[in-house]
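A quick write-up on the structure given underneath.
The values are calculated or read from the model by the stated rules, or taken from the named source; none is laboratory data. Since the model is a prediction, treat every value here as computed from it, not as a measurement. Cβ atoms come from the backbone with ideal geometry, glycine included; neighbour counts cover every protein chain shown. We work out accessible area using only protein heavy atoms, side chains counted, and drop any ligands, DNA or RNA first. Shrake-Rupley method; radii C 1.70, N 1.55, O 1.52, S 1.80 Å.
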Amino acid sequence: NNGTLFNVDLTAGYTGESETAYQFRHSNQSYIRVPHSTSLSLNREMTLMAWVYYEEQASNNFFTIMEKTNPDFEGHSRYGLWVYNGGIVEVCVEPDSCPNGLCQRCLDTKERLVEGAWNHVAGTYDGTFLRTYINGKLSSEFNYGGNTGISQTNFELFLGTDLYSLN
């Protein structure tokens, strides 16, 4: 899947090699937009991962790592990863059993990201358990019960911002 870049800069990634990561500016107009494709229609399970260089946040707002989002509901998403409140990572997924298309299952990490360093973050969902990981270690998990798939949409995937959110 190829995305379109908007106001991002190439920079050194977690290995230190130049031009292996994108730096997002402190603006909701700095992002990568990936068009919908069937490979992004996660059906029953998901694993979302990213390397994130964490800098202190100016507010407690949510900052999007990646999100498959719905423009009709001001940022409501089908799945995604966010950072908020001083380095907590949150993963959310909307189950296919959601009656009105506006319910999510979310889970936050117990630990915070290390400031001024590269952190590997991940969120997984297997239809029952939602789990978060920081730097390869399980941080939190929750059993939502039942076995449900992931709500299907043709929405785009965004990296670095939630273009449709009011915040």
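Peptides 109-119, 9-19, ordered by how many other C-beta atoms sit within 10 Å of their residues on average, highest first, read 109-119, 9-19.
Cβ-Cβ distance of Arg25 and Thr47, R₀ of 35 Å, FRET efficiency by 1/(1 + (r/R0)^6): the value works out to about 0.80. Computed on the chain, the Cα convex hull volume stands at 109 Å³ per residue.
Percent relative contact order of the chain, based on C-alpha pairs within less than 8 angstrom and at least six residues apart? Averaging sequence separation for qualifying contacts and normalising by length gives 27 percent for the chain.
Structure remark: mean-square fluctuation, Gaussian network model of the chain, C-alpha springs under 10 Å; the largest value among Leu42, Leu130, Leu81 belongs to Leu42. Could you give the length gained by full extension between Ser97 and Arg112, i.e. 0.36 nm per residue of separation minus their alpha carbon distance, to one decimal place? Stretched fully, the Ser97-Arg112 segment lengthens by 2.3 nm. Note that the chain presents 53 Å² accessible area per residue, ligands and nucleic acids not counted, probe 1.4 Å.
Surface composition of the chain: carbon and sulfur atoms hold 47% of the protein heavy-atom accessible area at a 1.4 Å probe. Using a Gaussian network for the chain with springs between C-alpha atoms less than 10 Å apart, which of these wobbles most: Val34, Val93, Val83? Comparing Val34, Val93, Val83 in a Gaussian network model of the chain, the most mobile one is Val34.
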